Amino acid sequence: MNSQQNSFMVSAIHFLAWFSLIGGVILGIANGNVSNDISYDTDFSFFIFITYTSYGVISFILFAALGKAMILLEDIHEFAKKRTEYVKEIRKSYITEKEG
């Protein structure tokens, strides 16, 4: 996977993170305003609001952590490639010194 594909995936994951946070708040407000069929009570239910909002926050944290992990993995991959090139150079110079 190249860097452009990875940055697109990270952007998509960050979009999902924000979408889940905003969606959790919207669902919390919408479902918190639903009237109770038994008592026909139309009061706002904070428990339902907090439940859906916390689901949104948890999803946001998970998606944001996944995006950060992908960025770190890309950095590790780049470092490993540079390290491999460096080791190949050192080995090549060591072999030529030994032969010469």
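Points to keep in mind about this one:
- Single unsatisfied condition, Ile71 versus (1) closer than 27 Å to Ser20 by Cβ; (2) modelled with pLDDT of 90 or more; (3) not small (Gly, Ala, Ser): (2)
- Within segment 52-81, the set of residues being crowded, with 16+ Cβ neighbours inside 10 Å and either among the hydroxyl-bearing types (Ser, Thr, Tyr) or not in a helix (DSSP H, G or I) (or both) comprises Tyr52, Thr53, Tyr55, Ser59.
- Selected residue [at pLDDT 90 or above and not hydroxyl-bearing (Ser, Thr, Tyr)] from Ile50, Ile90: Ile50
- Look at segment 63-74: where a residue is over 12 Å from Phe15 (Cβ atoms) and a partner is surrounded by 14 or more Cβ atoms within 10 Å (Cβ to Cβ) and polar (S, T, N, Q), sitting 6+ places away or on another chain with Cβ atoms under 7 Å, you get Met70/Asn6; Glu74/Asn6.
The values are calculated or read from the model by the stated rules, or taken from the named source; none is laboratory data. None of the values given here were measured: they were computed from a predicted structure. Cβ: placed from backbone, ideal geometry, glycine included. Neighbour counts: every protein chain shown.
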